[in-house]
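The values are calculated or read from the model by the stated rules, or taken from the named source; none is laboratory data. What you see is a predicted model, and the numbers here were worked out from it, not measured in a lab. Every residue, glycine as well, gets a Cβ built from its backbone with ideal geometry; the counts of neighbours run over all protein chains shown. Side chains included, ligands, DNA and RNA excluded: accessible areas come from the protein's heavy atoms. Shrake-Rupley method; radii C 1.70, N 1.55, O 1.52, S 1.80 Å.
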Amino acid sequence: MRLLFLFPVCLLFICLSRGAVLVDFQVASPPVVPLDAKQCTIQVLHPIPDVISPSPLEATINGTQFDRLGIFTFQNVEIWRTSTPEPTRGDGIIWTYVKDVTQYTPLFTRPGTFIFQLDNLIQPGLDGIYSNMIIPLSTLSNTTGNDASVPPAFTINTTLPQNIVEIYAELFASGNGQEESWYFNVPNNLLPNIPSGLTFGQGPFREVRLLVDGKLAGVAFPYPVIFTGGFVPSFWSLKPRRPITAYGALELPTYFIDLTPFVPLLVDGNPHTFQLDVVSAEGSHDILQNWFVSGLLQVITDPSEKATTGEITLYSAPAFAQSTTKGSSGGVGEIDFTVQATRSIHIESNIISGSGHRTHVVWKQNLQYDNHQTYKQNGTLQTLQQLASGSMSSTHNNVPMVSDIFSFPLDIDFQYLSTDLQNWTTTIDHSYVRSVLPNPFILGSTVTERQQTNGFFQLAPTGNTGNGTSNNTFNYLDRAGNTYNRRVNAALNQIILDEQTGNLAPVAKSPGINKFAPATGNINHFAGAHLPGGIRTQ
């Protein structure tokens with residue numbers, strides 16, 4: 001049985017009768033569903049006055065709004081992290097996202113509370129085993145989303161069953177506030193050499209860490225998600241439409257760690273501390289405010305009620321990545337620097353279940369990071385080339401359980417066109433290349449996505465304006481042989497190319513051009529942009 005959640009979200013603005021609601025989407029593969037799958041609809045969110053109305057999730061706002069982060073939790077476990085496309089004044093905006101939540105089946109075996117936290121800003125091979133239980137690494141709040149804000153580090157104590165034999169962690173992490181454009185931050189020793197307000201310090205390297213009883217268990221080099229207000233909002237819109245978000249904006253990537261090597265330490269019946277934090281490559285390893293983090297543990301227990309035994313036989317996991325920072329300054333507003341980091345983790349354990357089954361577990365991570373930036377012309381001309389890549393794997397008696405090979409290249413050219421910083425151009429070349437087997441409960445797949453955008457943005461008291469183009473190529477292949485490929489390009493006022501192929505492609509969708517219905521209303525006005533340095537233009 002596959003469990004799918006359909007998330008249609010509609011932000012409606014003034015004068016809804018004036019034209020068609022604008023459609024927004026993230027290029028992604030459809031979920032893999034058996035041909036004979038039965039369908040049913042279950043209402044999981046009830047209307048809440050002034051917040052949620054039927055359909056099943058719909059919000060109304062009067063005016064212009066920044067993009068907002070959304071956290072969807074059930075039983076205090078985060079199962080979906082998203083962001084809202086940044087809408088414009090006029091006819092409103094609508095988007096729909098489908099997520100396969102089959103791996104979270106244990107959560108749905110008993111009644112519980114769904115929480116969808118969407119903070120607003122007001123200002124002027126489908127068969128397989130499933131885990132026995134899912135344990136949240138969250139704040140356990142029953143009134144808000146269960147993500148924690150770091151720094152400081154988030155810790156939670158939990159007691160696990162003594163007959164566990166496998167544990168797999170899934171981590172959610174995204175930068176916010178001063179950390180939204182973390183990849184554009186500058187090393188502290190060079191920050192005084194550029195004009196104030198252009199960016200932040202603490203450098204561009206970020207590492208998400210999971211520790212068990214103070215011992216590092218695994219890390220993630222995060223994918224740089226760009227939300228729909230990022231840099232040039234007209235990237236993700238096409239004056240007037242903004243149909244194509246940056247990859248990951250509607251479903252932020254998650255990160256996977258095999259915690260099974262720690263089973264021998266966790267089966268003593270006592271509480272154990274799990275810690276989530278985010279660190280930099282600066283001397284103090286501090287970051288700015290803030291990241292939102294949470295996680296979950298998927299646990300498999302042995303049929304026997306006898307306690308599991310075993311030992312960690314090899315542990316090599318330095319607390320922090322090895323890093324170097326090299327840079328120079330040619331005067332105020334002129335800097336050139338490179339930050340590099342590498343990370344290696346190797347942990348092995350022998351585990352003996354209560355039934356007598358012996359398992360040798362090996363968990364390895366080898367990751368690399370490189371970020372090169374330049375600031376010229378008094379800081380008004382900025383370039384960035386970043387690449388995070390690596391591999392991680394776990395085997396249980398030489399059988400692969402978790403594997404993740406990834407490459408996240410990001411190139412940005414950003415230039416202010418005037419000394420008053422009221423207009424600028426930006427070009428972004430952004431890719432997500434990942435071949436991942438997250439755990440035994442999820443079908444392994446390979447995604448190759450590239451998005452190339454360029455655009456212009458102008459601030460004005462009468463309304464912000466801009467234009468942009470976006471070329472997108474997406475390819476999906478899973479271990480069951482399912483495929484989905486899409487090429488979709490947008491320029492100025494329309495989708496100029498939309499081709500979908502593969503056995504997961506919609507049957508009724510033939511390759512060609514897909515034009516959305518024309519919109520009416522005040523189509524030129526955008527909300528402000530999010531720029532490095534925490535700048536949010538109005």
Test each condition in (1) crowded, with 22+ Cβ neighbours inside 10 Å; (2) in contact with a Gly (Cβ under 9 Å, 6 or more places away or on another chain); (3) in a strand (DSSP E or B) for PRO136 and report the one that comes out false.
(1)
Among the listed residues ASN454, ASN439, ASN467, ASN482, which satisfies the condition of being open to solvent by 10 Å² or more (accessible area, probe 1.4 Å), among the polar types (S, T, N, Q), under 29 Å from THR102 (Cα atoms) and modelled with pLDDT under 95?
ASN482
What pairs come out if I take residues in region 482-506 that are at positive phi and pair them with residues that are buried (at least 16 other Cβ atoms within 10 Å of the Cβ) and hydrophobic (A, V, I, L, M, F, W, C) whose C-beta lies under 7 Å away, six or more apart or interchain?
LEU492/LEU238
Provide a single number: the residues in region 363-389 that are in a strand (DSSP E or B), out of contact with any His (no Cβ under 6 Å at 6 or more places or on another chain) and open to solvent by 10 Å² or more (accessible area, probe 1.4 Å).
11
Of the conditions (1) surrounded by fewer than 19 Cβ atoms within 10 Å (Cβ to Cβ); (2) in contact with a Phe, Trp or Tyr (Cβ under 9 Å, 6 or more places away or on another chain); (3) part of a helix (DSSP H, G or I), PRO261 fails just one. Which one is it?
(1)
Can you pull out the residues in region 241-271 that are modelled with pLDDT under 95 and touching a His at 6+ places or on another chain (Cβ under 9 Å)?
ALA246, TYR247
When you look at THR426, is it under 28 Å from ILE495 (Cα atoms) and assigned to a strand (DSSP E or B), yes or no?
yes
Can you tell me which residues in region 424-433 are within 22 Å of GLY390 (Cβ to Cβ) and open to solvent by less than 10 Å² (accessible area, probe 1.4 Å)?
HIS430
Take TYR183 and decide whether it is touching a Lys or Arg at 6+ places or on another chain (Cβ under 9 Å) and either within 21 Å of GLN386 (Cα to Cα) or not hydrophobic (A, V, I, L, M, F, W, C) (or both).
yes
So, in region 470-479, of the ones that are over 29 Å from ALA169 (Cβ atoms) and open to solvent by less than 10 Å² (accessible area, probe 1.4 Å), which residue ends up modelled with the highest pLDDT?
ASN472
Can you tell me which condition PRO303 does not meet? The list is (1) over 26 Å from ALA220 (Cβ atoms); (2) assigned to a strand (DSSP E or B); (3) of a type outside the set (Gly, Ala, Ser); (4) open to solvent by 30 Å² or more (accessible area, probe 1.4 Å), and all the others hold.
(2)
Inside region 370-400, the number of residues satisfying the requirement of being over 30 Å from GLU166 (Cα atoms) and of a type outside the set (D, E, K, R) is 16
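Could we say that ILE226 is touching a strand residue (DSSP E or B) at 6+ places or on another chain (Cβ under 8 Å) and not in a strand (DSSP E or B) here?
Spelling it out, ILE226 is indeed touching a strand residue (DSSP E or B) at 6+ places or on another chain (Cβ under 8 Å) and not in a strand (DSSP E or B).
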Examine region 404-414 for a residue that is open to solvent by 10 Å² or more (accessible area, probe 1.4 Å), closer than 18 Å to PHE457 by Cβ and not in a strand (DSSP E or B), and state whether such a residue exists.
no
Would you confirm whether any residue within region 490-511 is open to solvent by 50 Å² or more (accessible area, probe 1.4 Å), modelled with pLDDT of 90 or more, over 28 Å from PHE172 (Cβ atoms) and in a loop (DSSP other than H, G, I, E, B)?
yes
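Do we find a residue being among the charged types (D, E, K, R), within 24 Å of the chain's Cα centre (by Cα) and open to solvent by less than 60 Å² (accessible area, probe 1.4 Å) anywhere in region 269-281?
Yes, there is a match, as at least one residue in region 269-281 is among the charged types (D, E, K, R), within 24 Å of the chain's Cα centre (by Cα) and open to solvent by less than 60 Å² (accessible area, probe 1.4 Å).
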One residue is enough: does region 174-197 have a residue meeting the conditions assigned to a strand (DSSP E or B) and buried (at least 19 other Cβ atoms within 10 Å of the Cβ)?
yes
Which one of VAL436, VAL399 is more than 30 Å from VAL332 (Cβ to Cβ), β-branched (Val, Ile, Thr) and under 26 Å from the mean Cα position of the chain (by Cα)?
VAL436
Qualifying positions in region 390-403 - part of a strand (DSSP E or B) and open to solvent by 20 Å² or more (accessible area, probe 1.4 Å)
SER391, SER393, THR395, VAL399, PRO400, MET401, SER403
